[in-house]
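First the structure, in the form of C-alpha cells, and then the observations on it.
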Amino acid sequence: MTDPIIKFDKVVKRFDTLTVIDELDFEVGQGEKVTIIGPSGSGKSTVLRILMTLEPIQEGVVYVDGDMLWHEKANGGVKPAGEAHLRRMREKMGMVFQQFNLFPHMTVRRNLTEAPVKVLGMSKAEARERAEELLDMVGLADQADKFPHQLSGGQQQRVGIARALAMRPKIMLFDEPTSALDPELVGEVLSVIRRLAEEHDLTMLLVTHEMQFARQVSDRVCFFDRGKIKEQGTPEEIFGNPKEERTRAFLKAVLEGE
C-alpha cells in the first residue's frame with residue numbers, strides 16, 4: 001500500500017459509557033476502494049461520521065491526507081483542532097448519506113454549483129460547466145432545472161453523488177447510500193457508484209448492506225464487530241473463505257436474507 005490517505009491510530013469513540021469505536025487501527029491507501037460491512041451497531045457509520053467531523057473522538061489520532069484531522073499543531077505541541085482546521089480538512093472529502101440532504105428550495109443545478117462557488121471560490125461559469133458534466137455522468141443531464149421533490153429517490157441520490165463530486169474531493173465516503181431507496185431504485189445508484197470506482201482514481205470508503213455490490217466494487221472488505229475490525233481481506237477472501245466464525249455467521253444471515 002502507498003502512504004495511507006486515511007489512518008486511524010488507536011481511535012476510541014464513546015457515546016456516554018458505550019464504546020462504539022474501540023482502539024481502532026485502520027488504513028486506506030490512495031485510490032483504494034474499501035467497503036465496511038458488519039451488523040448494526042458495530043461502528044461502521046461512526047467511522048464515516050468521524051471522518052466528516054460530525055462525531056469527535058475521545059482517544060487516538062485520525063490522519064487524512066497526511067494531516068491530523070481532530071488535532072492541529074500549535075506552539076511545538078498538539079491541540080484540539082479549531083473550526084478553520086476542521087473546515088479545511090472537510091474539503092478533502094465528499095460524503096453521500098442515507099438521506100439525500102439536498103437543498104429543497106434549489107434546483108438540481110444550483111444544488112451542485114452553490115458550494116463550489118461559495119466555498120472553493122470557483123467562478124459561476126466554471127461551476128455550472130462542472131455541474132453539467134457531473135449530471136451527465138450520473139445520467140441526469142435533462143433534470144438540471146427541476147427541484148428535488150420532482151425527482152425519484154434514486155435520482156435524488158444520484159444528484160447527491162454529483163453534488164459531493166462537485167467539490168473535487170480526494171476521498172468519497174458512502175454511508176449506506178441505497179438504504180432509503182425502494183428496491184427497484186437501488187440498481188441505478190449502485191451502477192453510478194460502480195462506474196465511479198472503475199473510471200476514477202478516487203479513494204472510496206463505503207458502508208453498505210449490499211453484499212453482492214461490495215464484492216464487485218471493493219479492493220478490500222473489512223468486517224466490523226463491536227467497534228473493531230474483526231477480519232479484512234479481498235472480496236474473494238471475505239465472501240469466499242472467511243476465517244472468523246463471527247464473519248461466517250454474519251454473512252450467512254445476510255446472504256440468506258437477500
(message) Looking at the chain, identify the longest residue range that excludes and avoids all trypsin sites (Lys or Arg not before Pro) in DSSP loops having at most 15 other Cβ atoms within 10 Å.
(response) 1-145
(request) Mind checking which of GLY76, GLY139, LEU196 is farthest towards the positive end of segment 59-201's charge dipole, using Cβ charges of +1 (Lys, Arg) and -1 (Asp, Glu) about the Cα centre? (result) GLY76
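Using r as the Cβ-Cβ distance of VAL119 and ALA141, and R0 as 30 Å, what FRET efficiency do you calculate, to the nearest 0.05?
0.80
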(message) Nothing charged except the Cβ atoms of Lys and Arg (+1) and of Asp and Glu (-1): what's the magnitude of the dipole of segment 1-42 about its Cα centre? Round to the nearest 20 debye.
(response) 140 debye
(message) Keeping all protein chains in place and using 1.4 angstrom, which order do HIS200, HIS71 fall into by accessible surface area, from largest down?
(response) HIS200, HIS71
(message) What is the percent carbon and sulfur in the accessible area of the chain, measuring with a 1.4 Å probe over the protein chains and ignoring ligands?
(response) 46 percent
(request) List every residue whose amide H lies under 5 Å from the amide H of MET172, counting only residues 5 or more places away in sequence or on a different chain, with H placed 1.01 Å from N in the peptide plane. (result) GLY94, THR203, MET204, LEU205
(request) Let me have the 222 nm mean residue ellipticity of the chain computed from DSSP H runs of 4+ only, each contributing -39500 (n - 2.57), with the sum over all residues rounded to the nearest 500. (result) -11000 deg cm²/dmol
(request) For segment 40-53, take each phi angle, set θ = phi - 60°, evaluate the Karplus expression 6.51 cos²θ - 1.76 cosθ + 1.60, and give the result in whole Hz per residue in order, putting x for glycine and proline. (result) 4, x, 7, x, 4, 5, 4, 4, 5, 5, 5, 5, 7, 6
(request) Roll a 1.4 Å probe over the protein heavy atoms and report the accessible area of MET106 in Å², nearest 10. (result) 10 Å²
(request) For VAL117, tell me the accessible area in Å² from a 1.4 Å probe, rounded to the nearest 10. (result) 40 Å²
(request) State whether segment 182-230 is rounded, prolate or oblate according to the following rule on the C-alpha gyration tensor (a ≥ b ≥ c being the square roots of its eigenvalues): a/c under 1.5 gives rounded; otherwise a/b larger than b/c gives prolate, and the remaining case gives oblate. (result) oblate
(message) Test of understanding: in a Gaussian network model of the chain with alpha carbons linked when under 10 Å, which of THR247, THR208, THR19 would top the mean-square fluctuation ranking?
(response) THR19
(request) For an R0 of 25 angstrom, estimate the FRET efficiency from the Cβ-Cβ distance between ARG246 and ASP25 and round to the nearest 0.05. (result) 0.85
(request) With a/c under 1.5 counting as rounded, go ahead and sort segment 69-217 into rounded, prolate or oblate using the C-alpha gyration tensor (a ≥ b ≥ c being the square roots of the eigenvalues; past the cut-off, prolate if a/b is larger than b/c, else oblate). (result) oblate
(request) Grab segment 1-151 and count how many Lys pairs have their alpha-carbon atoms under 20 Å apart, sequence gap of 8 or more, or different chains. (result) 15
(message) Rounded to the nearest angstrom and ordered from largest down, what semi-axes does the equivalent ellipsoid of the chain get from its C-alpha gyration tensor (root of 5λ)?
(response) 29, 25, 15
(request) Mind running the shape call on segment 26-138? Use the C-alpha gyration tensor, a ≥ b ≥ c as the square roots of the eigenvalues: rounded below 1.5 for a/c, prolate if a/b tops b/c, oblate otherwise. (result) oblate
(request) Enumerate the lysines that LYS243 could reach by cross-link, defined here as Cα to Cα under 18 Å, with residues fewer than 8 away along the same chain left out. (result) LYS228, LYS230, LYS252
(request) May I ask for the distance between the Cα centers of segment 144-171 and segment 36-58, given as a whole number of Å? (result) 23 Å
(message) Given R₀ = 35 Å, what would the calculated FRET efficiency be for THR107 paired with ALA84, taking r from the Cβ atoms and rounding to 0.05?
(response) 0.70
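The values are calculated or read from the model by the stated rules, or taken from the named source; none is laboratory data. The model shown is predicted, which means the values in this text are computed figures rather than measured ones. As a convention, Cβ positions derive from the backbone with ideal geometry for all residues, glycine included, and neighbour counts pool all protein chains shown. Accessible surface areas use protein heavy atoms only, side chains included; no ligands, DNA or RNA. Shrake-Rupley method; radii C 1.70, N 1.55, O 1.52, S 1.80 Å.
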